[in-house]
Amino acid sequence: LPERFARRVARTLDPARTYRVIVGHGDCVADAARVREVLMAGHRLDRIWVVETGVAIGAHAGPGCLVIAVQEYSPPVPC
């Protein structure tokens with residue numbers, strides 16, 4: 001299931017763009033690592049972090065939850 005979730009998110013990413021990604025997990029580090037691997041394959045990522053979810057998400061989603069946050073990244077333009 002984690003791989004399926006990651007592939008679904010990956011399909012929405014434009015391969016010509018660069019992204020920053022956060023994978024949040026609720027006490028399921030191995031699943032988060034699998035999601036990270038799927039997202040890294042074939043996509044331009046500036047950075048990808050794997051973190052534990054905060055209490056707000058944890059209280060609603062519970063143990064075993066996975067969250068993926070994606071932000072399009074553009075390098076800063078020098079002044």
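Some values worked out for this structure:
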{"read-out": "Accessible area in square angstrom per residue, the chain, 1.4 angstrom probe", "value": "69"}
{"read-out": "Percentage relative contact order, the chain, counting C-alpha pairs under 8 Å, at least six apart", "value": "42"}
{"read-out": "Förster radius 25 Å - calculated FRET efficiency between Val50 and Asp14 (Cβ-Cβ, nearest 0.05)", "value": "0.65"}
{"read-out": "MRE, 222 nm, helices only [DSSP H, n ≥ 4, -39500 (n - 2.57), over the chain, to nearest 500]", "value": "-10500 deg cm²/dmol"}
{"read-out": "Derived scalar couplings ³J(HN,Hα) [the stretch 36-41; Karplus, 6.51 cos²θ - 1.76 cosθ + 1.60; whole Hz; x for Gly, Pro]", "value": "4, 4, 5, 5, 6, 6"}
{"read-out": "Efficiency of FRET between Leu1 and Val77 - r from beta-carbon atoms, R0 30 angstrom, step 0.05", "value": "0.15"}
{"read-out": "Total charge dipole magnitude, the stretch 1-55, about the Cα centre, Cβ charges on Lys, Arg, Asp, Glu only, Debye to nearest 20", "value": "300"}
{"read-out": "Within the accessible area of the chain (1.4 Å probe), percent carbon and sulfur", "value": "55"}
{"read-out": "Neighbour net charge for Ala61 - beta-carbon separation under 14 angstrom, K R +1, D E -1", "value": "-3"}
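The values are calculated or read from the model by the stated rules, or taken from the named source; none is laboratory data. As the structure is a computational prediction, the values presented were derived from the model and not from experiment. Reconstructed Cβ throughout: ideal geometry from the backbone, glycine too, with neighbour counts over all protein chains shown. SASA here: full protein model, heavy atoms, side chains in, ligands and nucleic acids out. Shrake-Rupley method; radii C 1.70, N 1.55, O 1.52, S 1.80 Å.
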